[in-house]
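Structure record follows, encoded as structure tokens.
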Amino acid sequence: MVQLTMIARTSDGLPLTASLQDENLTDYQTRAKQIFRKLNHASAPKLAIEHNNMIFYYQIDKGVCYLCLCERNFSRKLAFAYLDDLQSEFYVQYGNRIDKVTRPYHFIEFDTYIQKAKKSILDTRNHSALKNVANELQDVQKIMVANLDEVLARGTSLDVIQSKSSNLMSYSQQYRDEAKQLNRKSNLIKVGGALTFILWIVWYFIL
């Protein structure tokens with residue numbers, strides 16, 4: 001289930017609102033703030049960050065980062081469906097005020113909606129609807145998974161991690177393309193060998 005939810009402005013990492021399930025998770029809340037401070041305009045729009053037996057999921061939209069903390073066995077699709085729900089409602093309520101506030105947790109009253117959204121995830125009657133939303137998020141399984149220590153490493157920003165991910169995807173695509181070419185060549189060689197054998201049979205027994 002969702003253990004922690006935080007929403008922050010990406011330009012300066014200012015927390016706009018938060019909801020903490022358990023007071024024992026204050027260390028994770030501190031980690032979330034550190035993640036916010038690592039964000040910039042080139043950061044990955046969606047990311048999963050592993051830490052101990054938990055995973056931070058975040059997505060960025062219109063200069064705001066929506067983040068939640070879940071157990072490892074919690075559905076990634078449902079986590080991003082939950083964040084997508086928060087994103088839509090938060091922007092409707094506060095979209096024209098986000099850049100103007102200076103006080104942390106200025107929109108703390110949004111916790112009321114956060115609690116409602118979390119209950120929707122737990123309510124089995126809403127599971128089918130949530131899964132339909134989650135199924136529309138076609139690229140969720142392609143979202144990069146990073147380690148918190150790597151994310152918070154000195155001198156490492158989330159755009160660098162995104163660049164590494166893009167390079168890995170490029171190398172992976174190149175490998176797949178080369179594998180396909182080798183496979184085609186192998187098939188051509190097999191076909192050529194079979195034709196040669198058939199022609200030899202025809203020549204030997206018929207001609």
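Every number here is computed from the coordinates shown, using simple stated rules; none is lab data. Everything numeric here is computed off the predicted structure, so don't read it as measured data. Positions of Cβ are generated from backbone atoms using ideal geometry, with glycine treated the same way; all protein chains shown enter the neighbour counts.
A few points about this structure:
- R0 of 22 Å, Cβ-Cβ distance residue 103-residue 30: FRET efficiency to nearest 0.05: 0.70
- Relative contact order [Cα under 8 Å, 6+ residues apart], region 2-156, whole percent: 29 percent
- Taking every alpha-carbon pair within region 21-133, the share separated by more than 18 Å comes to 55 percent.
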